[in-house]
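The next block holds one structure in the form of structure tokens; read it before the comments.
Since every read-out is calculated from the coordinates, none of them should be taken as a lab result. Computed from a prediction, not measured in an experiment: that's the story for all the values here. Note: ideal-geometry Cβ built from the backbone for every residue, glycine included; neighbour counts use all protein chains shown.
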């Protein structure tokens with residue numbers, strides 16, 4: 001069976017603008033500029049495209065929230081912060097198909113009447129920033145960005161804004177604060193970005209992969225797009241598979257593909273044919289699955305929701321039977337503790353407490369009461385913070401306790417042997 | 001003080017944003033590239049350049065992990081120890097590096113050549129374990145590959 005590959009097709013040198021142009025490059029943009037902006041939004045709406053950043057929000061609907069008439073400038077932010085552990089898909093787009101993303105961004109800008117696009121790329125991706133900048137320069141030179149694109153009278157600018165190492169800046173409101181030159185603190189919502197975003201102006205934030213899907217929709221039409229993969233979340237996804245597999249990497253496959261299919265047919269199975277102990281299906285913040293549970297599980301938002309987890313960023317992490325999964329959970333919790341921005345007490349303090357408790361188990365000092373305490377902290381972080389980082393820290397812990405309680409039991413502090421009653425010497429003599 | 005080239009770059013950057021505050025991150029990057037790290041004096045300089053309070057600059061520098069508030073060695077080895085790398089032996093890799101260089105995590109060798117830092121996920125999970133050396137990613141690491149790499153660092 002051949003699976004369609006739109007985002008990362010097997011075409012050598014596609015990152016070069018001449019090669020991209022030879023493969024229908026920028027034709028979707030030409031088509032879009034011939035349409036009314038609102039018709040472009042309708043096309044995206046009908047395609048049923050959902051955001052690829054983890055929240056699966058319908059993209060067309062998000063675009064339609066942008067005010068049509070605005071006295072203030074409007075902005076588009078492309079989110080390439082990509083810091084969720086287990087996720088490494090956007091960098092593939094920057095490296096192998098940057099023009100697809102640029103084309104999608106310009107179409108989005110046209111649809112919403114936007115004059116400036118900021119691409120937020122994580123600071124560690126220095127190499128990919130250079131690659132993307134190169135592609136942007138070429139696109140400017142060919143007048144696919146800039147003024148009077150394709151002679152349509154439409155102008156838009158596109159800039160890269162480099163982050164500096166903060167997971168939280170992948171959260172849309174933190175990302176905007178970071179562009180504004182502040183610390184990456186998430187904002188309280190409402191107001192939502194479409195009303196009050198970057199510098200108080202209407203703003204839309206889309207993931208890099210989401211924007212890369214836009215030219216695909218315009219090229220093949222919304223109807224064909226909506227028929228790929230799972231009906232409620234159509235299209236292809238860039239699945240990033242890592243951990244204990246023979247061929248880790250990014251695979252472009254339709255949504256709704258079987259998890260076992262990805263593991264065994266694409267990623268080459270588990271080394272030494274070991275059994276799978278646990279799977280994290282969508283990046284470190286999603287709920288864990290037991291190895292026994294993965295048969296028949298499909299990789300799309302609804303199917304994963306049905307088994308109590310989520311698609312997230314489709315970053316699949318596989319752990320084989322010999323993995324010390326409690327240590328893995330501790331590492332993940334440390335990550336959230338480290339990355340908490342510190343605004344909300346439950347997250348700032350709670351993540352640290354959870355890490356401390358987990359470390360007690362690693363050291364063999366934990367007790368069964370600690371498990372309840374851990375769950376209590378996780379439950380009190382969830383839903384009680386400004387942004388979803390708190391939830392992201394709580395979900396792995398909650399699901400782990402539910403599914404792998406035995407791991408804690410195995411490691412609880414062994415109660416010291418009961419002390420035998422030794423009567424004092426004078427009592428001994430009395431008894432005698 | 002920024003080089004003439006950087007000052008010219010700054011003028012270019014100003015056209016991109018409606019406020020000068022938005023230049024904080026790009027200018028701090030420029031400073032780190034020129035000076036290697038961001039000293040308290042650099043913070044003052046950047047604050048004056050952008051007419052912003054030093055407190056704001058300090059707040060931003062300390063919030064983002066990539067801004068070095070201490071000098072680092074010529075080769076800044078940033079080892080990812082997050083999940084995907086952990087599953088593929090990052091712990092051993094860190095031990096090996098520390099052992100080879102005779103320093104602990106967060107320290108710089110006495111010849112100021114190497115600094116080892118433990119970092120969070122670098123988005124290189126498919127090529128784990130890995131480390132970032134200055135701007136470059138060194139991926140799919142094994143003990144031999146690390147030894148070879150260290151030997152090549154002049």
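Tell me, what is the percent relative contact order of the stretch A:236-320, built from C-alpha pairs under 8 Å that lie six or more residues apart?
In percent, rounded to a whole number, it is 36.
What list of whole percents do you get for P(r) of the stretch B:75-152, with Cα-Cα distances grouped in 5 Å bins up to the one holding the largest distance?
Once binned at 5 Å, the Cα pair distances of the stretch B:75-152 give 3, 18, 31, 28, 15, 4, 1.
Based only on other Cβ atoms within 10 Å, what is the fewest-to-most ordering of A:351, A:56?
Ranking A:351, A:56 by Cβ neighbours within 10 Å, fewest first, gives A:56, A:351.
Stokes-Einstein D for the protein assembly as shown at 25 °C, 0.890 mPa s, Kirkwood Rh over Cα pairs, in µm²/s?
Once the numbers are plugged in, D ends up at 97 µm²/s.
Can you classify the stretch A:228-346 as rounded, prolate or oblate using the Cα gyration tensor, where a ≥ b ≥ c are the square roots of its eigenvalues, rounded means a/c under 1.5, and otherwise it's prolate if a/b beats b/c and oblate if not?
Judged from the Cα gyration tensor, the stretch A:228-346 comes out oblate (a/c at least 1.5, b/c at or above a/b).
How far is helix A:98-112 tilted off the main Cα axis of chain A, in degrees rounded to 10, range 0 to 90?
With both axes taken from Cα atoms, the answer is about 70 degrees.
Once you sort the root eigenvalues of the Cα gyration tensor of the stretch A:17-226 as a ≥ b ≥ c, which label holds: rounded (a/c under 1.5), prolate (a/b larger than b/c) or oblate (the other case)?
Because its axes are fairly even, with a/c under 1.5, the stretch A:17-226 counts as rounded.
As a test of understanding, state the convex hull volume per residue of the stretch B:4-63 from its alpha carbons, in Å³.
77 Å³
Report the relative contact order of the stretch A:325-411, percent, no decimals, based on alpha-carbon pairs under 8 angstrom and at least 6 residues apart.
Worked out over the stretch A:325-411, it gives 32 percent.
Give me the inter-chain shielding for B:10-20: mean count of other chain Cβ atoms within 10 Å, whole number please.
Partner Cβ neighbours, averaged per residue: 3.
Comparing B:19, B:65, B:108, which has the greatest mean-square fluctuation in the GNM of chain B with Cα pairs linked when under 10 Å apart?
B:19
As a test, work out the antiparallel percent of DSSP beta bridges whose residues both lie in the stretch A:17-226, rounded to the nearest 5.
10 percent
Between residue A:349 and residue A:372, with labels modelled 7 Å along Cα→Cβ, what's the label distance in nm to one decimal, could you check?
Those two pseudo-labels are separated by 2.1 nm.
What ranking, highest mean first, results for peptides B:120-130, A:331-341 when packing means the other Cβ atoms within 10 Å averaged over each residue?
Per-residue mean Cβ counts within 10 Å order the peptides as B:120-130, A:331-341.
Given all pairs of different Cα atoms, what value in angstroms does the Kirkwood hydrodynamic radius of the stretch A:109-233 take?
16.4 Å
Test of understanding: ordering A:237, B:150 by Cβ neighbours within 10 Å, fewest first, what list do you get?
Fewest-to-most ranking of A:237, B:150: B:150, A:237.
Only Cα pairs under 8 Å and at least 6 apart count here; give the relative contact order of chain A as a rounded whole percent.
About 16 percent, as a whole number.
Looking only at A:258, A:175, A:389, which one moves most when chain A is put into a Gaussian network model with springs between Cα atoms under 10 Å?
A:258
Starting with the fewest neighbours, write out B:15, B:8 ranked by other beta-carbon atoms found within 10 Å of each beta-carbon.
Ranking B:15, B:8 by Cβ neighbours within 10 Å, fewest first, gives B:15, B:8.
Work the Kirkwood hydrodynamic radius out for the stretch A:295-374: mean of 1/r over every pair of different alpha-carbon atoms, inverted, in Å.
14.8 Å
How tilted is helix A:37-47 with respect to the longest principal axis of chain A? Cα atoms for both, answer in degrees (0 to 90, nearest 10).
Taking the Cα atoms of chain A, the angle to A:37-47 is about 40 degrees.
Mind telling me which of A:146, A:312, A:170 comes out most flexible in a GNM of chain A, alpha-carbon contacts under 10 Å?
A:146
State the Kirkwood hydrodynamic radius of the stretch A:373-415 in Å, one decimal place, computed from all pairs of distinct Cα atoms.
11.2 Å
In degrees, nearest 10, range 0 to 90: what is the angle between the Cα axis of helix A:345-362 and the longest Cα principal axis of chain A?
Long axis of A:345-362 versus the principal axis of chain A: about 50 degrees.
Would you calculate the separation in nanometres between label points at residue B:149 and residue A:19, each defined as 7 Å from the Cα along the Cα-to-beta-carbon direction?
2.6 nm
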